[in-house]
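All of the numbers you see were taken from the coordinates with simple rules; none came from a lab. The model shown is predicted, which means the values in this text are computed figures rather than measured ones. Neighbour counts are summed over all protein chains in view; Cβ atoms, including those assigned to glycine, are modelled from backbone coordinates with ideal geometry.
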Amino acid sequence: MADASTTLAPTPRARVQEMKEYHPPLGSRAALRLDFNENTLECSPRVRETLAQISAGALTRYPEREPVEAIVAAHLGLHAEQVALTNGVDEAIHVLFETFLDADDEVLMPVPTYTMYEVYASATDARVVAVQAGDDLQFPFDRLMAAITSKTKVIAIANPNSPSGSVATREQLLLLATRAPQAVLLVDEAYFHFYGETLMDLVGTLPNLVVARTFSKAYGLAGLRLGLLAGPVELMRWVRRVLSPYSVNSLALACLPPALEDTAYLNWYVAEVLAARTEFEAALDAAGVRRWPSRTNFVLVEIGARHAEFVCLMRDAGVLVRDRSNDPGCDGRVRITIGTRAQMKQAVTALNNALAMLRAEGGKL
Ligand code: PMP
């Protein structure tokens, strides 16, 4: 007789069964971390001091997000009801998709782009409409405009984009928002501080614009998991129905105000990275490595068929970089995060040695 426990097992939704597994290569990262576009150094010392002062008693209480949301909103020049803090931008994307995507809806995105858009979209019953960028990896604006249909309910744009480093202009984003009034236009400004341009000033003036920001990059708080969504009150009200009231923990909430206040630290880190990027790009050009223009804290480079060996050689030299070959249109391409100038000197030495080894072994890279 068949065992009921084997015939009657819980099964996930069909869409979940079809989902690809996503395992970011995070294991054993005791090296120079140029693989996840994080801050490569440390967070503000003021955040460190705040953490040290948190009492054991404070941890017994559920986190209260509203006062911190009000502080963040004021910092951005917005009303508190327009801003929701999230457990990283990843939760913001997840909750936004859960709020707005129904069966048969379409979520439109240029590719290659940030992996989690597709992951969370494929967990809904909506259809992913991916618009491939050309070899230059520039924002495929015309093709995105042409791909909008009455079923388009979310348009997800990372600006600047990862892994390409390319950007969409303000005009292009506004035209997308106007062409698809039935869709939420998510402008993910995770790398805003390295770029400097934003649509945050338009939040609340366009009925379908939602902007996301993270504290994982320039602020150096990836481990705390802090992000935010900013949009018109009418849309944010729906988002808040789906969002957990406790998903941003009390340590993260305590650290946010001092992180925002320490603009000197933020400005120093961003300036350091931009100076390091200029030097690193010059080193790539000197080494004859093709690179894509970057407005962010990373650069995508062309290594070619031996990309996997290159990544291993870099790791052997103590430098972690990220193979993006599995991203659509990125075969042979590797993404390298920009850290400080001193760190990038180490990266240049490792890169030149790795290229010399691959070239000495003959053949094309
Ligand atoms: N958006 C983009 C474009 C990213 O590259 C990343 C991180 N790699 C995220 C969002 C995730 O941010 P968070 O750490 O806040 O979840």
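Taking 7 Å along the Cα-to-C-beta vector as the label spot, tell me the Glu81-Asp125 distance in nanometres, rounded to one decimal.
3.1
What dipole magnitude, in Debye to the nearest 20, does the range 130-282 give about its Cα centre under +1 on Lys/Arg Cβ and -1 on Asp/Glu Cβ?
Roughly 840 debye, rounded to the nearest 20.
Can you give the extra length, in nm with one decimal, that the chain gains between Thr149 and Lys20 once fully stretched, where that is 0.36 nm per residue apart less the Cα-Cα distance?
Gain on extension, Thr149 to Lys20, equals 43.8 nm.
Only Cα pairs within less than 10 Å get springs; with that Gaussian network setup on the chain, which residue of Glu38, Glu189, Glu309 has the largest fluctuation?
Greatest mean-square fluctuation among the candidates belongs to Glu309.
Count the DSSP beta bridges whose two residues both fall in the range 45-262, then state the antiparallel fraction as a percent rounded to the nearest 5.
So the antiparallel bridges amount to about 30 percent of the total.
Please name which of Ala317, His193, Trp268 has its Cα lying farthest along the dipole of the chain towards the positive end, using unit charges on Cβ (Lys, Arg +1; Asp, Glu -1) and the Cα centre as origin.
Checked the options; the winner is Ala317.
To the nearest 0.05, how large is the calculated FRET efficiency for Arg179 and Ala103 if R₀ is 22 Å and r is the Cβ-Cβ distance?
With a Förster radius of 22 Å, E is 0.40.
Multiply the residue gap between Arg241 and Thr205 by 0.36 nm, knock off their C-alpha separation, and tell me the result in nm, one decimal place.
In short, 10.7 nm is gained.
What are the semi-axes of the equivalent ellipsoid for the range 248-365, taken as the square roots of 5 times the Cα gyration tensor eigenvalues, largest first, in whole Å?
31, 16, 13
Where nothing but the Cβ of Lys and Arg (+1) and of Asp and Glu (-1) is charged, how large is the charge dipole of the chain around its Cα centre, in debye to the nearest 20?
Dipole about the Cα centre, nearest 20: 440 debye.
Mean-square fluctuation check for the chain, GNM, Cα pairs under 10 Å: which of Ala282, Ala70, Ala123 is largest?
Ala282
Indicate, rounded to the nearest 5 percent, the antiparallel portion of the DSSP beta bridges found entirely in the chain.
Roughly 40 percent of the DSSP beta bridges within the chain come out antiparallel.
Pick from Leu206, Leu235, Leu26 the residue whose mean-square fluctuation is largest in a GNM of the chain, springs joining Cα atoms under 10 Å.
Per the Cα network of the chain with a 10 Å cutoff, Leu26 tops the list.
About its Cα centre, how strong a charge dipole does the range 16-97 have in debye, to the nearest 20, once Lys and Arg get +1 and Asp and Glu get -1 at the Cβ?
The dipole magnitude comes to about 300 debye.
Considering only the other residues whose Cβ falls under 12 Å of the Cβ of Trp292, what net charge follows from Lys and Arg at +1 and Asp and Glu at -1?
+2
Taking the chain on its own, what percent of its Cα-Cα pair distances exceed 35 Å?
28
Find, among the chymotrypsin sites (Phe, Trp or Tyr not before Pro) in the range 197-293, those assigned to loop by DSSP (not H, G, I, E, B) with at most 15 other beta-carbon atoms within 10 angstrom.
Counting only loop positions with at most 15 other Cβ atoms within 10 Å, the chymotrypsin sites (Phe, Trp or Tyr not before Pro) in the range 197-293 are Tyr246.
Of Thr178, Ala218, Gly134, which is farthest along the charge dipole of the range 45-262 in the positive direction, counting Lys and Arg as +1 and Asp and Glu as -1 at C-beta?
The residue sitting most towards the positive pole is Ala218.
Would you mind calculating the relative contact order of the range 45-262 from Cα pairs under 8 angstrom and at least 6 residues apart, reporting the percent as a whole number?
Normalised by residue count, the contact order of the range 45-262 is 28 percent.
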